[in-house]
Each structure stands twice: as C-alpha cells, then as structure tokens.
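Colleague: Input: one structure, supplied below.
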Amino acid sequence: METEWPGRWDHLQKIVERGGPFAHPDFDPSPEILSFLKETCKILVIGAGGLGCELLKDLAFMGFSDIHVIDMDTIDVSNLNRQFLFRAKDVGKAKADCAAAFINARVPGCRVTPHYAKIQDFDESFYRDFHIVVCGLDSIIARRWINGMLISLLRYEDGELDQTSLIPMVDGGTEGFKGNARVILPSLTACVECTLGFYPPQINFPLCTIAHTPRLPEHCIEFVRILLWPKEEPFGAGVSIDGDDPKHIQWILEKSQERANEYNISGITYRLTQGVVKRIMPAVASTNAVIAAACATEVFKIATSCCLSLNNYMNFNDTNGVYTYTFEAERLEDCLACSNKPQAMNFSEADKLQDVLTYLQENSTLQMKTPGITTSVGGKNKTLYMQTVKSIEAKTRENLKLSLKELGLEDGQELYVADVTTPNTLTFQLRLATTMDNS
Amino acid sequence: MIKLFTLKQQKKDGESGPDRGKRASAAQLRIQKDINELNLPKTCQVDFPDPDDLLNFKVVIAPDEEFYRGGRFVFSFKVGQGYPHDPPKVKCETMVYHPNIDLEGNVCLNILREDWKPVLTINSIVYGLQYLFLEPNPEDPLNKEAAEVLQTNRRLFEQNVAKSMRGGHIGNVYFDRCLK
C-alpha cells in the first residue's frame, strides 16, 4: 500500500517546521519533529469505545503511526450508532481487535496494535515503553489504576525527577452532553487521585426505601437486583448478574414489574432495567467527538512541543448552546498517589524488622508512635507488622525477629508505613547493604 | 514546560531500572491507614483471617447494653479498589432479629450507601453498626415485622430479641444462638 504521497503531511509541516505568533517561545521548528511523530513516538490509547474510536481515528490521521490500544470489552449492538469503527458483523468481537484492524486498513502507514485485555493484565515493563498515554475510559477505578501505574514509573536521581521517566497522561471523559479533557504530568500537575472529589458519587438509594417504600421504577429494579437476586439465585448458586445476558435482564424485568404493580408504580421497561443494572450513562456521539479531538490535540502538542499544553482541566457542556471553561486543577499537597515520593531508608540485610520499627519510632524527624508496616510482593500486599490490631499483631509478631533478608525484602523495595503522626500512609524505599559491604 | 520531543529522543533504550513490581494502589495505602488507626470500643473487635489481605476482614460486635446485650454479631467487610470513593461492602453474617438488618444479612445504614463520603473511615462504619444495636431504628425498616413490633410493643420486641439470641423461632423464622 502506498504510504506517502505528495502533500500528505503539508498541514502538519506548516505547524512543526516553522515558527509563528502562537507557537511556544522555546519551540524549535524542524523536520525531525514530524519524523519523530511518524516513526518513534509510541502512543497508548486506553479504551476502544466511544472516545477510543474517535481518538484512534484522530491520532492516526494526525500522523502517529505506532499506536497501541487496550480494551477488555466486546462489541454490543448498541455501540454501533457512535463507535464508527465497528459494523453489524462485528457484534460480539473484541473492540480492540476490530478498531485496530479498521484503522490499519484505512490509514496507510499506521500500525495499531490491539490488546484485548484489562489494563491490570500488563506490568511496568509494558507501560514504560510509551511516550504518551491517552484514556477514553468509563471507570474511575481504571483511571486511578493507570494514574498509579504512571506515577510508579517515575524515577528520581538524588531526589530530582528523571524527566525521561515521565509519561504524560491525557484523559477524556463524557456523560451525555457533558465532557472533560485534562492533561496530567505525573508528579508535576494534579493527578487523578488529587482530584478524586471531582467525580460525582454513585447514586445509591437507601436500602430501606428499596426494601419497603419504593416510589420510583428504579427502586423496584434495585430491589430485584440487590435483594431478590441473591435470595433466589435464579440462574444457579453463585451466578452473579450479567447485564449483557438478555435472560438475566428479562428475569429482572419481570420481577421488577411484579413489584411495581404491587406499589402502583409505572414505567418499568427493558431499556430502563438494563440501564439501571448496568448503570448505563447516556452517550452522545458529538460530545465524544469534541472531547476526543481536544485530547488528540493535547497529545499532538505534547509530542511536538509546538504549543503549551492545556493547563490543565477543560470542562465542556453543550446542553444549551456551547459552554467550555478551562482551569488549573491543583495538586493535593498530601496526595496519596503523586505526593508520596519514596523516602530512602538505609539498612543492612542482617538488620531485623525490629530495627526498622525502632528507626521509625526514634528517628528525630519521624518519631512515630505505632507504625504499621506493609510492602508489596509481586503486586500483592504483605503485612510485615501492625501492632494496633490485635489479630494482625499476633500473626506478624514473629516477623520482628527476622532479618530483612529472611523476610525476602530486596534492595529498592518499597515499604508502606501508616502512623497516627502523619495524615497518610508514607512510602519508604529500602536501601539494603549486603552484609559483606558492611563488614 | 516538559519538552517531551527532546527528552524522548533519549528514551527507548532499555536503560530503565529493574522492575520493582507495581506499587501499592492508593486504595491499599488508604485502607492501611484506616486499619492502623482503628480505635474501637471494647465491645467491637476486628479480625483478619489473612493479615496480608487488609481488604477483607470481619468485625465482631458484642453489645454490653440495651436489647442486644450479651449477643455476638459478625460482620464481613469487603473493601474494593474503588475505596474510598466507593464504600466497602458490609454484610451481617449472624442471623439477627433487627429492624435494620434483614435475614440475608443486608444492613440499612445510611453511611454504607447514600450518605457515604470518602472522609469517612472504617472506624466510622463500625461505630455506625454499633449504634444500630443501641438504637434500632423502626422508621427505616429492612425487617418490617421486627420494626412493627418495636414500634407497637417494646416489651415484646425485647423478648423477641432475647429469644432469638438464645436460639429459637420468631414466627416461623429460626434464629441460631448467638450469645457469647
């Protein structure tokens, strides 16, 4: 397939190969920028849904040619109105695979690599390779996870951030006619965890209303979902609700209808039932297009350094006319994720956990009272010692007598310490001298 | 401003350090703080079947006054990765005759659902649960029959509670003995 033709990159060259009144003052126009974009720059798109399809199309047309996309979902018929990389014949197939195949066939020279997986299936070695991560997600948990991952990739030398370890994250989100786009430079600007309060709480009805005084059709559906399903287990013991299984939704619909009739409530439909069960948010194609375009522009700006990035949070609302507002979300001084820079702690392999505990209590700048110490081994939490909870104390007391080596702790390992003297759990990085060095 | 383009020319050469393994999640760090700072009255006890798993544990409440004096009630706590944006899932594992706890163990406590806020902690929930045993609230019933009895005949309610805790039938529901 022909991948270059005269004039293909004219519009990009106008931006990256010459200066201009709107260019960043430090911007250094050069043809290398375009080749970086086309040949070197590696982009990760998380999500191949409403935003993901738009993002892939925008980025591919912009000249990015090494794009990876992760999505754990398969295509549903209800996606087809706005997720335009998919066709009716694709229903049931993996979104990531179909989206990648479509772009690869449509945009000459672009290589999209699909991953039909969860973001949690990959580790540091995967994420570290990307230059920029851009997200079109519908889940707060996934956003927090990737945010934490990018922060854990940061490296410091003599307390200074090694900027080559920094991977910018561009995040978009939409709900109906509302949307937002933001740029996160981990540890430099506000991260997902700093602004967790921006996300609205999930709407939960009081359990007693659901159980005894329903007034809305939603109350009836929630009654069946929360109280009746676990009691009746209509599809066998331990089978939880699958919002995409028509048999499950049909059962919930019928039971909800019975309950609604009992209380003279109307308005239960299949659509509403599935909407409540799956907590479906209305999706508007044009909002996705606007937010994805804003995100893709930010990716381009970061990759080329041609303009200053969005600083750093843009709200968009086109319910009535078009409203947008950009502000600088501030970093949280005691953010659990991005302000929790590991502090070094020097010990030798032969030192006992008791020595670490004593250090935490007696070091003049720490002076902790009852520190609880955990670490992470292979992504799983390990509690080393916690004296405030009797049942944990009894099971971890023996650890105090063990050496750090016997506990399997390695040089560079992170220890997490919670204590009444600090507002948050602190992260320490263990610097372990081998016993030989010490002698 | 970060000049990614110039910086990233240097990247991509595998000079990156050894894998330290993924860092603990923010939810994990937050629950560690909550657990380390549990400050419970002597009537409440927390038990971790697996001390490495701070996300799943049991809380045992043994009220020393009012209707439920002498009983012992076990609650299971499941904390998800959404914590503290989302509340933990709490169920009562002991079958109890109580207006705000149904026979499947669902608990009607406002801070577990509609009034949850990320500033609340595991400690606040345990206090909330303890309060349910001191002041059962017939206005927000989950077990309607128990609530009606409490509202109309406190004496009978007290007898029913005592009977259920000793192990016995209330109506046609059998309650296991849960006295200490």
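Colleague: Using only the Cα atoms of chain A, what semi-axes does the equivalent ellipsoid have when each is the square root of 5 times a gyration tensor eigenvalue? Give whole Å, largest first.
Modeller: 40, 37, 20
Colleague: Using a cut-off of 9 Å between beta-carbons, work out the net charge of the residues near A:Ala418 (Lys and Arg +1, Asp and Glu -1, A:Ala418 not included).
Modeller: -2
Colleague: Of all DSSP beta bridges located in the range A:286-439, what percent are antiparallel, nearest 5?
Modeller: Percentage antiparallel, nearest 5: 75.
Colleague: Where the centre of each part is set by its Cα atoms, how far does the range A:55-134 sit from the range A:185-259, in angstrom?
Modeller: Between the Cα centres of the range A:55-134 and the range A:185-259 lies a distance of 29 Å.
Colleague: What share of the DSSP beta bridges in the range A:129-284 is antiparallel, in percent to the nearest 5?
Modeller: 65 percent
Colleague: Within the range B:88-119, list the residues whose amide N lies under 18 Å from a label point set 7 Å along Cα→Cβ of A:Thr213.
Modeller: Output list for this probe position: B:99-102, B:107-115.
Colleague: Grab the DSSP H runs of the protein assembly as shown that are 4 residues or longer, score each as -39,500 (n - 2.57), total them, divide by all residues and round the 222 nm result to the nearest 500 deg cm²/dmol.
Modeller: Computed mean residue ellipticity for the protein assembly as shown: -9000 deg cm²/dmol.
Colleague: Please identify the helices of chain A, taking whole runs of DSSP H, that span at least 27 Å along their own axis as judged from the Cα atoms and have a mean Kyte-Doolittle score of 0.0 or higher.
Modeller: Membrane-span-like by this rule: A:285-304.
Colleague: Summing +1 for each Lys or Arg and -1 for each Asp or Glu, what net charge is found among the other residues whose Cβ lies under 11 Å from the Cβ of B:Lys89?
Modeller: +2
Colleague: Continuing with this model, one more query. For a footprinting-style exposure proxy, rank A:Ser125, B:Ser25 by other Cβ within 10 Å, fewest first.
Modeller: Taking fewest neighbouring Cβ atoms as first place, the list is A:Ser125, B:Ser25.
Colleague: Note down the net charge around A:His115, summing +1 for each Lys or Arg and -1 for each Asp or Glu among other residues with Cβ under 15 Å from its Cβ.
Modeller: Combined, the nearby Lys, Arg, Asp and Glu give -2.
Colleague: What distance in nm lies between label points placed 7 Å from Cα along the C-beta direction at B:Arg177 and A:Lys231?
Modeller: Placing both labels 7 Å beyond Cα along the Cβ direction yields 2.9 nm.
Colleague: I want the antiparallel fraction of DSSP beta bridges within the protein assembly as shown, as a percent rounded to 5.
Modeller: Expressed as a percentage, antiparallel bridges in the protein assembly as shown total about 70.
Colleague: Moving to a separate point now. Which lysines, on any chain, are close to A:Lys369 with Cα under 23 Å apart, when same-chain ones fewer than 8 places away are left out?
Modeller: Within the straight-line cut-off, A:Lys369 pairs with A:Lys341, A:Lys352, A:Lys382, A:Lys390, A:Lys395, A:Lys401, B:Lys33, B:Lys42.
Colleague: Same structure, new question: When a footprinting reagent is the concern and you count Cβ atoms within 10 Å, what order do A:Ser309, A:Ser240 take, fewest first?
Modeller: The fewest-first ordering by Cβ neighbours comes to A:Ser240, A:Ser309.
Colleague: May I pose another question? Just for the Cα atoms in the range B:52-180, what are the lengths along the principal axes, largest first, rounded to whole Å?
Modeller: Here the Cα extents, ordered largest to smallest, are 42, 30, 26 Å.
Colleague: Here's another thing I want to ask about it. If the range A:14-142 were replaced by its equivalent ellipsoid, with semi-axes equal to the square roots of 5 times the Cα gyration tensor eigenvalues, what would those be, largest first, whole Å?
Modeller: 29, 17, 13
Colleague: Under 8 Å for C-alpha pairs, at least 6 residues apart: give me the relative contact order for the range A:166-261, rounded to a whole percent.
Modeller: 18 percent
Colleague: Okay, moving on. Over chain A, what is the mean sequence separation of C-alpha contacts under 8 Å (at least six apart), divided by residue count, expressed as relative contact order in percent?
Modeller: After rounding, I find 14 percent.
Read-outs: derived from the displayed coordinates by stated rules, not from any lab. Computed from a predicted structure; not experimentally measured. Positions of Cβ are generated from backbone atoms using ideal geometry, with glycine treated the same way; all protein chains shown enter the neighbour counts.
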